[in-house]
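Everything below concerns the one structure shown next.
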Amino acid sequence: MIEIKTDAALEAMREAGRVVANALAAAREAAVPGARLRDLDEAARAVIEKAGARPAFLGYHPSFAPTPYPAVLCTSVNDAIVHGIPTDYRLRPGDLLSLDCGAVLDGWTGDSALSLLVPGAPARPEDERLIRTAERALEAGIAAAVTGARIGDIAHAVGTVARAGGYGVPQDFGGHGIGRAMHEDPPVPNEGRPGRGFPLRHGLVLAIEPMLLAGGRDAYVCDPDGWTLRTTDGSRAAHVEHTVAITDDGPRVLTLP
Ligand code: MF3
Ligand code: CO
């Protein structure tokens with residue numbers, strides 16, 4: 001079922017989104033050479049708890065996973081695409097890290113992700129292009145999230161930017177409606193046909209989340225941990241995400257500081 005939010009709910013979701021943005025900023029700050037992925041998780045957790053919110057991912061158990069998610073953040077390194085579990089792995093200069101975070105405040109959920117290069121090594125141009133293209137795909141998806149358009153217009157906007165860059169796009173994972181639950185209807189694919197799908201209207205809130213695979217293939221495999229998705233060719237991946245409200249005044253990005 002697709003839930004349309006009241007204006008008061010959109011305000012409340014903005015506050016949840018702010019907590020997520022601040023938690024991601026803290027995790028990004030902590031992403032220096034030698035830092036453990038668990039340290040980043042701790043940094044994000046501290047921000048969420050101090051804000052009186054709760055981590056949305058911790059204990060979350062979707063049907064595709066064998067176990068409840070064990071952490072606050074997803075930390076996906078290099079060939080990991082999404083859902084990387086924070087471990088004792090220590091970041092190295094030049095690692096491509098995608099950070100995904102969710103928080104629940106007053107019953108409302110925010111969900112956002114970013115990709116970064118760990119400092120300390122000269123950035124590889126191909127990594128910068130991958131991340132920049134993922135960000136442009138997200139911007140295009142957000143720009144398409146207007147009343148009167150449809151889900152397929154968002155999917156088409158995201159997929160067009162991703163494919164123009166020559167990147168692969170995993171077919172079974174993508175964005176989603178979001179509100180009191182993290183994953184609500186409708187699904188928001190990262191590729192699709194314009195003019196198709198659910199019509200967008202004021203009060204619909206979507207998480208838009210492009211995932212781009214540098215090798216150009218769509219294929220991925222899951223680690224034995226049942227969560228971490230990786231490219232099959234060992235190429236790197238980027239993942240960026242915002243929670244966005246469709247309003248009569250245009251798209252409103254909720255996961256900003
Ligand atoms: N942004 C990710 C998604 O929508 C968050 C996954 S949370 C997890 O799939 F708990 F499932 F890891
Ligand atoms: Co999401």
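Every read-out reported here was derived from the displayed coordinates using simple, explicitly stated rules and does not represent laboratory data. Fair warning: this is a prediction, and the values are worked out from it, not measured in the lab. Cβ sites come from the backbone with ideal geometry, for glycine too, and all protein chains shown count toward neighbours.
Any idea what the dipole of the chain comes to, in debye rounded to 20, about its Cα centre with Lys/Arg Cβ at +1 and Asp/Glu Cβ at -1? Here the size comes out at about 260 debye.
Let me know the Kirkwood hydrodynamic radius for the chain, please, with Cα pairs as the basis and the value in Å to one decimal.
About 17.9 Å, per the Kirkwood formula over Cα pairs.
Gain on full extension, evaluated as 0.36 nm per residue between ALA164 and ARG28 minus their Cα-Cα distance, stands at 46.1 nm. For the chain, return all DSSP H helices satisfying: extent of Cα atoms along own axis at least 30 Å; mean Kyte-Doolittle hydropathy at least -1.0. Length and hydropathy pass: 7-29. Reducing the stretch 115-133 and the stretch 85-100 to their Cα centroids gives an inter-centroid distance of 13 Å.
Please work out the FRET efficiency for the pair CYS222 and ALA123, using the Cβ-Cβ distance as r and a Förster radius of 30 Å; give the result to the nearest 0.05. That gives a FRET efficiency of 0.55.
Using only alpha carbons, the stretch 118-174 has a radius of gyration to Kirkwood radius ratio (Rg to Rh) of 1.08. log₁₀ I(q)/I(0) of the stretch 18-132 at q = 0.10, 0.14, 0.22, 0.23 Å⁻¹, via Debye over equal Cα point scatterers, no solvent, to two decimals? Here the Debye-derived log intensity ratios amount to -0.28, -0.54, -1.20, -1.27.
Once you divide the Cα radius of gyration of the stretch 65-191 by 2.2 N^0.38 Å, the number left is 1.14. What's the center-to-center distance, using Cα atoms, between the stretch 217-257 and the stretch 1-48 in Å? A separation of 15 Å, based on Cα centres.
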